[in-house]
């Protein structure tokens, strides 16, 4: 049973109440809702990290930060350009994304050497290639009850270990490196109430996907904190909790936190950090803005079909209605992706009524945990994955886990069954490892199955499909040669749950820990692909932009704004990377935007305006709209209904900016972090209620935009100029902006802001 409450709830000593009178019967006092909201775990942790006087508009500083090798170069370059001298807090630099160095020549490894030199110069922590995936290392070595961690990966989630963690774009990390704060209105808090105990064969992905399916589309937890409470927590091992927790990102929540107990305490003791534990629980009567009630004993083996973690069915539901569901998913996918490729799912349903898949993967921060891989070994021990087309690979999350799986024989059991053992690598989550063949269907215990996350390129006629499943059901499917199988249908499996022994010497021998020991005279090591950020212009009084992409999908992911996979190698080179912007969603965008970028460069160089732009200004003048062509920034823009779901990668915004982008127009922004990325790169995040008034190729003129941003006007006027010279007025807004955000936008970007202030 999974239920969403349509009201707020009170929580006391493991019980839920919707009626405050019932709380009064228990306590003798009628609860005050506002005061009880301060009794959540989230409120206490946020208050301890708030460096401002106002808890409604917080100014947070974090205990540590973390980035991987797709994001850390840009962040350090931003902070350097803004005046950073050394890292003011522990900063973990992991190498788990760009660790395959075949694409782009030496440039991936050049980035790694840059990071090592930065860790030495500025006092950071460097985790070498394939030593651990980013979140495994931070769970093992950096988490702690009551702490807060900021990461430049969207799956920065350590709530099950009592740590509120937030995934953000690089600009927010650069602010922390400069001693500034993370400014954020206090979020709502939703209780995730767990009761019961999972059945044998049910794993963390079954629970996590069930939650995603229930809360994603309706925005139930969007930009809120998910606070896990209830007696069911005690029935879950720590790695089970960790693997649920990391998937909270897929709900669009802001962060997460769990009650802690003796199992949490044991986790820290095993990892040699007993001081990191303390008991966390709501303080007395706690009030929550909503509640997701989950009876763990009712959770079934679950699958998330292409192309989102929220497209969930139980495996039995899928099997019973296979033809209808496969046709519907295939139809929706083919409407979403480029028309040059075709997703084929219906052919996976064979004449015997069974669904067959081509590949199984268990990997990364969600799948590659010790418990998941021992469970896979339990399912496959003495069995075979077969010698047909089906293949299976596993990627342990860290070398200490890899070492223990070697010692206890689980890796041998997996290898003996035909499973390929890979390195500690995040690649399968974003299309850089075990890419399926065209037309194949892969089931994965990873975090995402967004379009092209498996590595296909629809624009070149390459299309495969990914569904998400728990490791146990993937192993069961492997045991049946690729026939889709729920783990609960295998009745002869004994889940042994071997004890975990952590050997920290693996890290002691290889990880460079320079925290508190900055060598300020050390030189940074640059590779030929590591380039500085280009100069970004300040916002002029008025703004003229051309709509260079118009996306009507309900939601646009960051992967569609800047593809993952092969682009990763160029993320230290802003100009080269920007050439990939929207390349899979709208291949013509870059060419269109480059024209506007050159138009603005010509204007600033005194070369005059193009005939097209002159005609736009002439139309505005005829319509009586005052304009000043010589002092108006010209740029490109995109429209999307709800852009920015998914990854925290700032490049989704910065690539548009480098390519000449000056703004985004949207009905709403999918995540706080994407909107922040737009702001930090000087792109005004416009909101528009009726986007039908403009279309691809139209110009939009926003007079007085600089003043409107500085004053944070609720609404102001913009004008669309059609190719035939028609001019129409329409209202826009920017939503609520903090004082700092306003100044960053008008200064042109975060780097400019810090140089100026």
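The values are calculated or read from the model by the stated rules, or taken from the named source; none is laboratory data. If you're wondering where the values come from, they're calculated on a predicted model, not measured in any experiment. Because the Cβ atoms are built from the backbone with ideal geometry, glycine has one as well, and the counts that use them run over all protein chains shown.
What the table shows:
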read-out: When residues of segment 330-354 are limited to those that are outside any helix (DSSP H, G or I), at pLDDT 90 or above and buried (at least 20 other Cβ atoms within 10 Å of the Cβ), the one farthest from the chain's Cα centre (by Cα); value: 345
read-out: In segment 392-413, the residues that are surrounded by fewer than 24 Cβ atoms within 10 Å (Cβ to Cβ), within 24 Å of residue 427 (Cα to Cα), more than 26 Å from the chain's Cα centre (by Cα) and touching a residue at least 40 places away in the same chain (Cβ under 8 Å); value: 403, 404
read-out: Flag if residue 540 is under 26 Å from residue 669 (Cα atoms), touching a residue at least 24 places away in the same chain (Cβ under 8 Å) and in a strand (DSSP E or B); value: no
read-out: Any hit, segment 258-279, residues being closer than 17 Å to residue 213 by Cα and in contact with a strand residue (DSSP E or B) (Cβ under 6 Å, 6 or more places away or on another chain); value: no
read-out: Segment 603-648, residues that are closer than 30 Å to residue 166 by Cβ, part of a loop (DSSP other than H, G, I, E, B) and out of contact with any helix residue (DSSP H, G or I) (no Cβ under 6 Å at 6 or more places or on another chain); value: 641, 642
read-out: Those residues of segment 360-387 which are assigned to a loop (DSSP other than H, G, I, E, B) and under 25 Å from the mean Cα position of the chain (by Cα), in sequence order; value: 363, 368, 369
read-out: Which listed residue, of 631, 641, is within 15 Å of residue 542 (Cα to Cα), touching a strand residue (DSSP E or B) at 6+ places or on another chain (Cβ under 8 Å) and surrounded by fewer than 20 Cβ atoms within 10 Å (Cβ to Cβ); value: 631
read-out: Entirely in segment 145-186, the strands (runs of 3 or more DSSP E) that have 2 or more residues that are buried (at least 23 other Cβ atoms within 10 Å of the Cβ) and in contact with a helix residue (DSSP H, G or I) (Cβ under 8 Å, 6 or more places away or on another chain); value: 148-151, 164-167
read-out: Options 688, 658: the member that is out of contact with any strand residue (DSSP E or B) (no Cβ under 6 Å at 6 or more places or on another chain) and surrounded by fewer than 24 Cβ atoms within 10 Å (Cβ to Cβ); value: 658
read-out: Of all residues making up segment 217-257, the number that are in contact with a helix residue (DSSP H, G or I) (Cβ under 6 Å, 6 or more places away or on another chain) and farther than 22 Å from residue 446 by Cβ; value: 5
read-out: Residue among 201, 170 that alone is within 21 Å of the chain's Cα centre (by Cα) and farther than 22 Å from residue 9 by Cα; value: 170
read-out: Residues of segment 88-100 that turn out to be outside any strand (DSSP E or B) and either buried (at least 24 other Cβ atoms within 10 Å of the Cβ) or under 24 Å from the mean Cα position of the chain (by Cα) (or both), as a count; value: 8
read-out: Yes/no for residue 77 being farther than 27 Å from residue 251 by Cβ and touching a residue at least 24 places away in the same chain (Cβ under 8 Å); value: yes
read-out: Residue that is surrounded by the most Cβ atoms within 10 Å (Cβ to Cβ), among those in segment 696-713 that are farther than 15 Å from residue 617 by Cβ and in contact with a strand residue (DSSP E or B) (Cβ under 6 Å, 6 or more places away or on another chain); value: 705
read-out: Of all residues making up segment 322-366, the number that are within 27 Å of residue 220 (Cβ to Cβ) and in contact with a strand residue (DSSP E or B) (Cβ under 8 Å, 6 or more places away or on another chain); value: 3
read-out: Residue, farthest from the chain's Cα centre (by Cα), within segment 211-237, restricted to residues that are in a helix (DSSP H, G or I) and crowded, with 22+ Cβ neighbours inside 10 Å; value: 233
read-out: Qualifying residue in segment 110-128 (condition: closer than 20 Å to residue 674 by Cβ, buried (at least 23 other Cβ atoms within 10 Å of the Cβ) and touching a residue at least 12 places away in the same chain (Cβ under 8 Å)); value: no
read-out: Pick from segment 419-431, criterion surrounded by fewer than 23 Cβ atoms within 10 Å (Cβ to Cβ) and either out of contact with any strand residue (DSSP E or B) (no Cβ under 8 Å at 6 or more places or on another chain) or free of Cβ contacts under 8 Å to residues at least 40 places away in the same chain (or both), ranking: farthest from residue 480 (Cα to Cα); value: 423
read-out: Test: residue in segment 393-405 that is modelled with pLDDT under 95, in contact with a strand residue (DSSP E or B) (Cβ under 7 Å, 6 or more places away or on another chain) and more than 12 Å from residue 373 (Cα to Cα); value: no
read-out: Positions within segment 433-448 being buried (at least 24 other Cβ atoms within 10 Å of the Cβ) and modelled with pLDDT under 95, in sequence order; value: 448
read-out: Among the candidates 577, 596, residue that is in contact (Cβ under 8 Å) with a residue 60 or more places away in the chain and touching a strand residue (DSSP E or B) at 6+ places or on another chain (Cβ under 8 Å); value: 596
read-out: Spans of helices (runs of 4 or more DSSP H) in segment 1-70 with at least 2 residues surrounded by 12 or more Cβ atoms within 10 Å (Cβ to Cβ) and either out of contact with any strand residue (DSSP E or B) (no Cβ under 8 Å at 6 or more places or on another chain) or at pLDDT below 95 (or both); value: 20-27, 41-49
